[in-house]
Each structure stands twice: as C-alpha cells, then as structure tokens.
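Peer 1: What follows is a structure written as structure tokens; I'll ask about it next.
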Amino acid sequence: GGHTTSGSAQAMVNRAWGIIGSGYSYTGYRWTGDPSTSYFTCSGVIDYALGLPTNSNSPESLYASVRSRMTTNVSELAYGDLVFFRSGGRAPGHVGIYIGGGQMIDSIPGGGVAVRTLDFIGGFMGGGPIV
C-alpha cells in the first residue's frame, strides 16, 4: 500500500525544514525570515509550508482536505504527508508533517517548531497527502 511523495510534497517539506527553531504561536504564523524571531502554530507550519497566508487553515480544515486519502497505518505514510492527532478536546486538534522514520515536523507550546516523534502527542488519528 501507500503512495509516493509528489514534487509539491517535497517542496512543502523543504519549506518546513527552513523554519525549524521558530517559536510557538497560538494562532497563525509570523515568518520574519529568521527562525529566532518567527512564530508558528501547528496549522501555521502547514500554511507556511504550502505557501498560504497566515490563518488559512485549522487542523480541522486540513483534516477535511486529507480525510478521503488517509491511512491510520504509520507504515503506509509517505514523506510530506500531513499527520493528525486528537488534542485539547479537538479531533483533530494537532497537525504535523511526516518526514519518515516515525518522525514529523510540528509546532507545540513551549517547544516551537522542531522534529518530533509521532508518539509525542497522544491520539494519532491518521495521515495522508495534501499535495
């Protein structure tokens, strides 16, 4: 099963790599060109990586876009897939970008934008390609 990574998914992940080290924002994102002065919420990472304006999406709206192509089997995830988690009473309440090896790029309170394992947040709901 599974699928291959598209060129646009590769470009999305490349943009996400460039913001690692940025801080956490509770809404949207602010990219200054320097991670030390930039801030992203979890869905803000996705919006930025897709080249979209701040506050374009929420975890819920991203989930709606991906749901028809989702897998709940981590071994079927491809590089650049969005991964969704239950969090804060929301399903989904958190989203990240899968980069293989059981790891994702995401942004969390107190930690900002970094590479984390998929088991960092409880309640994995599944993942799939948005591009």
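The values are calculated or read from the model by the stated rules, or taken from the named source; none is laboratory data. Predicted model only: the values in this text are computed from it and were never measured. Cβ coordinates were reconstructed from backbone atoms using ideal geometry, including for glycine residues, and neighbour counts include every protein chain displayed. With ligands, DNA and RNA removed, areas are computed over all heavy atoms of the protein, side chains included. Shrake-Rupley method; radii C 1.70, N 1.55, O 1.52, S 1.80 Å.
Peer 1: Would you confirm whether any residue within region 83-100 is over 16 Å from Pro129 (Cβ atoms), in a helix (DSSP H, G or I) and not polar (S, T, N, Q)?
Peer 2: no
Peer 1: Which one is most open to solvent (accessible area, probe 1.4 Å) among residues in region 26-38 that are within 22 Å of Tyr63 (Cα to Cα) and either free of Cβ contacts under 8 Å to residues at least 40 places away in the same chain or under 14 Å from the mean Cα position of the chain (by Cα) (or both)?
Peer 2: So, considering only residues that are within 22 Å of Tyr63 (Cα to Cα) and either free of Cβ contacts under 8 Å to residues at least 40 places away in the same chain or under 14 Å from the mean Cα position of the chain (by Cα) (or both), the one most open to solvent (accessible area, probe 1.4 Å) is Thr27.
Peer 1: Within region 112-131, how many residues turn out to be within 24 Å of Pro35 (Cβ to Cβ) and in contact with a strand residue (DSSP E or B) (Cβ under 7 Å, 6 or more places away or on another chain)?
Peer 2: 8
Peer 1: Now for a different question. Determine, yes or no, whether Ser61 is farther than 17 Å from Met104 by Cβ, open to solvent by 50 Å² or more (accessible area, probe 1.4 Å) and not in a loop (DSSP other than H, G, I, E, B).
Peer 2: No: the conditions fail for Ser61.
Peer 1: I'm told Ser107 meets every condition in (1) of a type in the set (Gly, Ala, Ser); (2) farther than 17 Å from Asp119 by Cα; (3) crowded, with 17+ Cβ neighbours inside 10 Å; (4) in contact (Cβ under 8 Å) with a residue 24 or more places away in the chain except one. Can you identify the failing condition by its number?
Peer 2: (2)
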